[in-house]
1. Go over the candidates B:S125, B:S149 one by one and state the one that is within 22 Å of the chain's Cα centre (by Cα) and at pLDDT below 95.
2. Take the residues in the stretch B:256-270 that are of a type outside the set (A, V, I, L, M) and buried (at least 18 other Cβ atoms within 10 Å of the Cβ); name whichever of them is farthest from A:L119 (Cα to Cα).
3. Tell me which residues, restricted to the stretch A:35-64, are of a type in the set (D, E, K, R), out of contact with any helix residue (DSSP H, G or I) (no Cβ under 9 Å at 6 or more places or on another chain) and buried (at least 17 other Cβ atoms within 10 Å of the Cβ).
4. Taking the condition within 30 Å of B:T255 (Cβ to Cβ), in a loop (DSSP other than H, G, I, E, B), assigned by TED's automatic domain parsing to the domain that holds B:I282 and modelled with pLDDT of 95 or more, does B:D193 pass?
5. Looking only at the stretch B:141-165, filter to residues that are in contact with a Ser or Thr (Cβ under 9 Å, 6 or more places away or on another chain) and closer than 19 Å to B:L388 by Cα; which one of those is farthest from the other protein chains (Cβ to nearest Cβ)?
6. Whether any residue in the stretch A:342-361 is part of a loop (DSSP other than H, G, I, E, B), among the acidic types (D, E) and assigned by TED's automatic domain parsing to the domain that holds A:K250 is what I want to check.
7. Looking at (1) closer than 27 Å to A:I120 by Cβ; (2) in a loop (DSSP other than H, G, I, E, B), which is the only condition A:N383 fails?
8. Can A:Q334 be described as free of Cβ contacts under 8 Å to residues at least 24 places away in the same chain, in a helix (DSSP H, G or I) and not charged (D, E, K, R)?
Protein chains: 2
Amino acid sequence: MKKHLLLIFSAYLLSISVQAQEALFRAQNIISPEVHADNSVTFRLHAPNAQAVQVTGDFLPTVKMETPRGPMDGPGKANLTKGENGVWEFKTSPLGPELYNYSFIIDGFSTTDPSNPFLIRDVASATNIFIVGGGHADLFKVNDIPHGSVTRRWYDSPGLGMDRRITIYTPPGYENSTEKFPVLYLLHGAGGDEEAWINLGRTAQIMDNLIAQGKAKPMIVVMPNGNVIQDGAPGEGSMNFYKPQFMIPKTMDGTYEGAFGDIIKFVESNYRVKADKANRAIAGLSMGGYHTLHISRFYPNTFDYMGLFSAAIMAREDATGKVYSDFDQTLKTQMDNGYKLYWIAIGKTDFLYEANKEYRAKLDTMKMPYEYVESEGGHTWRNWRVYLTQFAPRLF
Amino acid sequence: MKKHLLLIFSAYLLSISVQAQEALFRAQNIISPEVHADNSVTFRLHAPNAQAVQVTGDFLPTVKMETPRGPMDGPGKANLTKGENGVWEFKTSPLGPELYNYSFIIDGFSTTDPSNPFLIRDVASATNIFIVGGGHADLFKVNDIPHGSVTRRWYDSPGLGMDRRITIYTPPGYENSTEKFPVLYLLHGAGGDEEAWINLGRTAQIMDNLIAQGKAKPMIVVMPNGNVIQDGAPGEGSMNFYKPQFMIPKTMDGTYEGAFGDIIKFVESNYRVKADKANRAIAGLSMGGYHTLHISRFYPNTFDYMGLFSAAIMAREDATGKVYSDFDQTLKTQMDNGYKLYWIAIGKTDFLYEANKEYRAKLDTMKMPYEYVESEGGHTWRNWRVYLTQFAPRLF
């Protein structure tokens, strides 16, 4: 047994770029992005052959773009400057607290940052992210506090005729307690799945932080898959790897809402929950807001808390399912049965703004109580994460 | 409530490339990679401005490269051909069953495939993957069979003075049973963490498939984090996002092995396990093989099954911890106490081949029984996944 491991390991590292011994290590020997003490951020890319390198992302102000459909907001871009040894750089001014995403554009080709292995898949794209801390963005960080558990498991859905994957957050201490907990059912939007809220939405980090700060009650958060043709997320279900689609058949035809009882039944027979209306909440973004609207109405005495985040509120040609019948009457029944919170949030520039305005007018006419939050911005995860930080403290 | 959702959603899709409404959707309107019926694979990339596009990955034969340190195996590359509309293509010959990884090289710049959102982080790089099914590769797929659960949770480690993140696989039916299960502790290598085996190693898919086929007994698989300076994987612990390193301080100095009892204690007091030697196995790859060797020896009457996968077997200058004292005597004690399987596997071209040969000679000299499997290839996840499919059926 010779003392040569350090030596061998060092040789291994030196040779790794020319060996096929292990996975392709594309990481460059630079730091990018680098978040500085003043919250400015430097992006770096080693691309000695490139003629032009830009960075684009939601940390840059949007710009007006001319399109065939008229002027629209487009993502901002910034030019990197080529420096020594072919490393391009761009330093931002100090940024506000946020979880941001970005891409590089190299000679017109949009790509990921090889120095940043942190990416989140959104529909069919994996995009780099970084966090500038402070304020609400500290809720997105992992802090040194008690942590809940996140489980990916499978439940039987007789209504859909398959076992289906589901993501469950249980609060800190759940496993070593006899206490029963309330449940938030948290639904994704079109193109999402049971990975969306936990990854893009930072649900575990947000809940851990809110609970540690005493701002939200310990609760179970259930994140199901709303695409009834899938048994699991792309790459995680029996369809295995394929190109994910934004518009998935049968997601808004009533099938999911009609079978939602399978999920409630699974949760209430597998977890220590307070199984009554006062301890059930349901919320969702975009399509998940539409599902929330219809599920809470179709099961009218089941949820005391509803959250419609940028909800896709409108009828559809294919919405012929039983769930959508007697809309006005079942909504009135939901109102008459009573509830504690019907929370509607949307951004001022969201493409669903008018549809939500129309729906609020309908609720006003029938005197159905709700709370309304209007934020800046549009149909973005940046808003949905913040809506969760605002909605969860109102529950239970 | 007008029936205009489809219309609005379609408009949204049309405009998505020029809107900053949502995350940057970089996905291109092409399929890449496409696995054909005959297991040939087509790679495609839309890069109209590129002068040359290559694909590199472990599906290509390695090539000899001249380096300052002499000729070495390097990753193979293949040229894509530019076709209509700036889409480059390369079609392989039929490939054998495997989980492969690959990157594109555009005008010398190594990057991910924007049409494939499936990537796995290995140390500091996120790399695209795809599966060609059949044979052993079907064990890496999600099949329509009963599925276990995968939980990321946190355990208290008094020995390391912190709460630490851990990944736990429980077999199908665990939650709705009173049965007790055996436990496999499965350890990662240098640069890895509690995400390595579940993501790169496809542990959940392999165990689900082996159990469904009756080839492995239902068991709990515990995947801890072997880097004692981390409370969780990069991006998942309280250090949040940073550039991961291959060599992490204090990973092979005995601290981890000395505190491993915290993990066993956590598992045995939180899961329905058969808490005896006959129902405990421990295995690991590379550094995890080194940890396996030392943990199983340091706790000499604890495990009946040991798996050393491409183990980093050798002493180190910084290996001064109590764990490493009395090496020969404690190894002999482990032998004298008896065990059912001491399984050593390594690839013929692994840079640790000689060190393993030397260790086997030592075991031969002291007549310590072991089984030895020599595979093709080197220090790769491709081997470690296969070793798991061979080792797990031998347990319990």
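1. On inspection, the qualifying residue turns out to be B:S125.
2. Filtering the stretch B:256-270 for residues that are of a type outside the set (A, V, I, L, M) and buried (at least 18 other Cβ atoms within 10 Å of the Cβ), the one farthest from A:L119 (Cα to Cα) comes out as B:G258.
3. Result: A:R44, single match.
4. yes
5. In this case the residue turns out to be B:G148.
6. yes
7. (2)
8. no
The values are calculated or read from the model by the stated rules, or taken from the named source; none is laboratory data. Not measured: the values here are computed from a predicted model. No Cβ is skipped: glycine too gets one built from the backbone with ideal geometry, and neighbour counts run over all protein chains shown. Accessible surface areas use protein heavy atoms only, side chains included; no ligands, DNA or RNA. Shrake-Rupley method; radii C 1.70, N 1.55, O 1.52, S 1.80 Å.
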